[in-house]
Amino acid sequence: VLRSHRFLCGRTSHPGGPSMLITDVQAVLLTTPYGVEGAHIDKRCACFVEVHTDEGVVGLGETYSGVYFPELSVQITEFFKPFLLGRDITNPNKAYRDCYWVSSYAGRSGPTVMVLGAIECALWDALGQYRGAPVHELLGGAVHERLPMYASGGVPHLSIPQLQDQARRVRDQGFHGFKMRANLFKYQPEVECERVAAVREALGPDRMLAMDAVQNFNLQPWSLKQIVRMLEMLEPHDLGWAEEFLPPFDPAPYAELRQMTSIPITGGEGITTFSTFEQWLRAGAFDIAQPDATIIGGIGEARRACEAAAARHTQVAMHVWGSAPTIAANYHLAFTQPNCIWLERPVMNNPLEDEMFIEPLPIADGHCLPPAGPGLGVRLTDELKAKYPYQPGSASLFG
């Protein structure tokens, strides 16, 4: 059986040039200090996947599953390794599909797909390095000269003065928007309205302000009537969108909510397959869709989600909540998608958001320009591995 899988996922050729073969696949767990003053956590774990090749090129990807079940992410990586060794890296899409088939009964969705996504991103990174081209060029080329960035923070444990301080900081740093979180467990529309009003005052009228209700974590999610009441109270504060005000289990209430409010409804970050994402788009669930390459199965699957959204005249704002490889994978893809309108940038003081970039992101006037370096433009050095050793139990509610 193993030999037949090796044949399925084994060496392939590519008409674009010579081959480069995979010699090893390794998962790396790290723990970093994390969070702003007043936040609910002070450290965070991450899982990165390195794809080594016979040319000495090492591709790097990240899986969002590393935040919540890091040790399992390592085991899933080890499961895929035998089906990747000896494979030519020049076709990441085929590698994804072959390995997805291998895991079909164990992982059609969820953590298996999320880890496979890190492997797929690492293959794109290796291919870009090998060809001396940024990943967005391998995907067909950038269609945006620049994209506006919004800062993502505002966690619910912050006091109103702390929220205002963060909003002023990101405004002064040039961000064109700010996203804050509601208290996901408590339905408190008056309190949330007070918090949003205070942030809007600090942010000013000319910056986009969004709210994320994070209802994917709420075991007793809010009802449609409760949500509509809260959104009616928030309307005077000109929200750019309302994100995950419903749990990510059924697209029908999302579609219904869209008809009940003038505030754009967004979501989709927690969907782990393109086929499911397409079902939500078909149901009319989103005004703005938010796929994430480190969750949905990699850059190729996220691209399919963006293209399906475009076919239904739906805009995209890529979800980004991770280290530099997560930022890079989603940004490179975003520049190739005409319907992408925003780039999310976390502002929770994760050192690996900056320290893993080979060159800083090209940012001007609150906009990001297409990165010019080969691959994803990220690296994981031995120094970083020694600096941030993994601490078991460092997973967290919000990541």
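Odds and ends about this structure:
- Among the lysines of the chain, pairs that are 8 or more positions apart or on different chains and have alpha carbons within less than 16 Å of each other number 4.
- Mean projection area, nm², convex hull over Cα of the chain: 18.2 nm²
- Using only Cα coordinates, the Kirkwood hydrodynamic radius of the range 51-122 works out to 12.4 Å.
- Average accessible surface area per residue within the chain, 1.4 Å rolling probe, Å²: 39 Å²
- For the range 103-253, the Cα-based Rg and Dmax, in that order, read 19.4, 55 Å.
- Rounded Å value of the spacing that divides the Cα centres of the range 323-394 and the range 286-314: 19 Å
- Hydrodynamic radius (Kirkwood) for the range 94-134, which is based on Cα pairs only, to one decimal in Å: 10.9 Å
- Carbon + sulfur, % of accessible area of the chain - ligands and nucleic acids excluded, 1.4 Å: 52 percent
- Derived value for the range 253-399: Kirkwood hydrodynamic radius 16.5 Å. Basis is the mean of 1/r over every pair of different alpha-carbon atoms.
- Scaled to the globular estimate 2.2 N^0.38 Å, the Cα spread of the range 77-166, given as radius of gyration, is 1.55.
- The chain: relative contact order as a whole-number percent, Cα under 8 Å and 6+ apart: 21 percent
- Cα-based shape type of the range 360-399, given that a ≥ b ≥ c are square roots of the gyration tensor eigenvalues and the cut on a/c is 1.5: oblate
- Using θ = phi - 60° and Karplus 6.51 cos²θ - 1.76 cosθ + 1.60, couplings along the range 137-144 (whole Hz; Gly, Pro as x): 6, 5, 8, x, x, 6, 10, 10
- Cleavage-rule hits (GluC sites (Glu not before Pro)) in the range 139-248: DSSP loop, at most 16 neighbouring Cβ within 10 angstrom: GLU145
- When the Cα atoms of the range 207-314 are aligned to their principal axes, the ranges along those axes come out at 39, 32, 23 Å in descending order.
The values are calculated or read from the model by the stated rules, or taken from the named source; none is laboratory data. Given the structure is predicted, the values throughout are model-derived calculations rather than measurements. Don't worry about glycine lacking a Cβ; one is built from the backbone with ideal geometry, like all the others, and counts go over all protein chains shown. What goes into the accessible areas is simple: the full protein's heavy atoms, side chains included, and nothing from ligands, DNA or RNA. Shrake-Rupley method; radii C 1.70, N 1.55, O 1.52, S 1.80 Å.
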